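A.B. asks: Below you will find the structure I want to go over with you.
The values are calculated or read from the model by the stated rules, or taken from the named source; none is laboratory data. All values derive from a computational prediction rather than experimental measurement. All Cβ positions, glycine included, derive from the backbone under ideal geometry; neighbour counts span all protein chains shown. Heavy atoms of the whole protein, side chains included, go into the accessibility calculation; ligands, DNA and RNA do not. Shrake-Rupley method; radii C 1.70, N 1.55, O 1.52, S 1.80 Å.
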Amino acid sequence: MNDSKEICLYFGDKLNYNPMNIAQELTSRYKELGNPILLPVTNDKRTPVIIFQENPDFYLRCNHDTLNFVVNHNYFDKLEGIIFDIIDTFEEEDIEFVRIGYVNNLYFDKNKIEKVRNIYLKEEYTSDMEEFQIFLYKELNTKYGNINAWERVISEGNRKHELLMQYDFNSKQEEVIEFNMKYIKEFIKASNEYIESRINI
C-alpha cells in the first residue's frame, strides 16, 4: 500500500532549541524512528538539523521553520497521538507551534481513473490521453477557524494503473488561531471528513 500522510508543524517566532535534546526525546518516545542524523545549525531556517530516515514507515525532518513527519498506513490511527507527543516534546524546550499542514496521498486502481474521467472530463477530448492532472481549491469553515484545502487528482504516465488523489490542508497564515489540542482535533476531523466526501465517487 502506497498511501501516506504527512504532517507539517510550523514554529512560532521564539525559536531556540537544542537539537540533541529534541532528538533524544523523540527517540525515547518512538524507538522505531531509528537513529537520528544531527546537522549543524545554519543561517537558513529551512536547512534540516534533525533527520530520522531509517524507517520508511515513519520518518521525520526538522529545521528551524517547520517539523515534518510522514507515516504510512501502519500509523494512520496514531496520527493525533504523534502530533501531541511532538508538541509536548517542544513545549518542554519552551518552543511553540502556530500552524499545521496535513497532506494525504491516496492511491486507487484504474477503475477510479475512469470514474474521474466521467465526472471531470469530456471523454471525446481525453480518451487517448496518457495522463491528466486536475487541481481544485476550497476553503473549509470550522468552528475554530478556516482551512485551506487543495485537491489534486493525478493519473501519472509512469504509474498508468493507479490514480493519485492528494489532499493538502493547512491553517490560514493570515488568521490568528488558538493553536491547541481542540483546534488540532477539529482540523484533522474536518480534513478527514472532506476527504471521505470526495473519494466516495
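A.B. asks: Cross-chain or 8 or more residues apart, Cα under 24 Å: how many lysine pairs in the range 3-103 fit that? Count them up, please.
C.D. replies: Eligible lysine pairs with Cα atoms under 24 Å apart amount to 5.
A.B. asks: On to the next question. Towards the positive end of the charge dipole of the chain, with charges on Cβ (+1 Lys, Arg; -1 Asp, Glu), say which of 137, 39, 190 has the farthest Cα.
C.D. replies: Farthest towards the positive end: 137.
A.B. asks: Rank-order 34-44, 178-188 by packing density, defined as the average count of other C-beta atoms within 10 Å over each peptide's residues, highest first.
C.D. replies: Result, highest mean Cβ count within 10 Å first: 178-188, 34-44.
A.B. asks: Just to check I understand the Karplus step: with θ = phi - 60° and J = 6.51 cos²θ - 1.76 cosθ + 1.60, what whole-Hz values come out for the range 49-54, glycine and proline as x?
C.D. replies: 10, 10, 9, 10, 9, 6
A.B. asks: Any idea what the alpha-carbon Rg over 2.2 N^0.38 Å comes to for the range 28-84?
C.D. replies: This ratio for the range 28-84 stands at 1.18.
A.B. asks: I need the phi-derived Karplus couplings for the range 6-13: 6.51 cos²θ - 1.76 cosθ + 1.60, θ = phi - 60°, integer Hz, Gly and Pro marked x.
C.D. replies: 10, 10, 10, 10, 9, 6, x, 6
A.B. asks: Quote the FRET efficiency, to the nearest 0.05, computed for residue 142 versus residue 65 with a Förster distance R0 of 25 Å and r equal to the Cβ-Cβ distance.
C.D. replies: Working: r = 25 Å, r/R0 = 1.00.
About 0.50, to the nearest 0.05.
A.B. asks: Tell me the per residue accessible area of the chain using a 1.4 Å probe; a whole number in Å² is fine.
C.D. replies: With all protein chains present, the chain gives 56 Å² per residue.
A.B. asks: With unit charges on the beta carbons (Lys and Arg positive, Asp and Glu negative) and the dipole taken about the Cα centre of the chain, which residue among 118, 26, 70 sits farthest to the positive side?
C.D. replies: 118
A.B. asks: Now for a different question. In the range 14-149, what percent of the accessible surface is made up of carbon and sulfur (1.4 Å probe, ligands and nucleic acids excluded)?
C.D. replies: Carbon with sulfur: 47 percent of the solvent-accessible area.
A.B. asks: With only alpha-carbon atoms counted, please give the Rg and Dmax of the range 1-146, in Å.
C.D. replies: Cα-based Rg and Dmax for the range 1-146 come out at 19.3, 59 Å.
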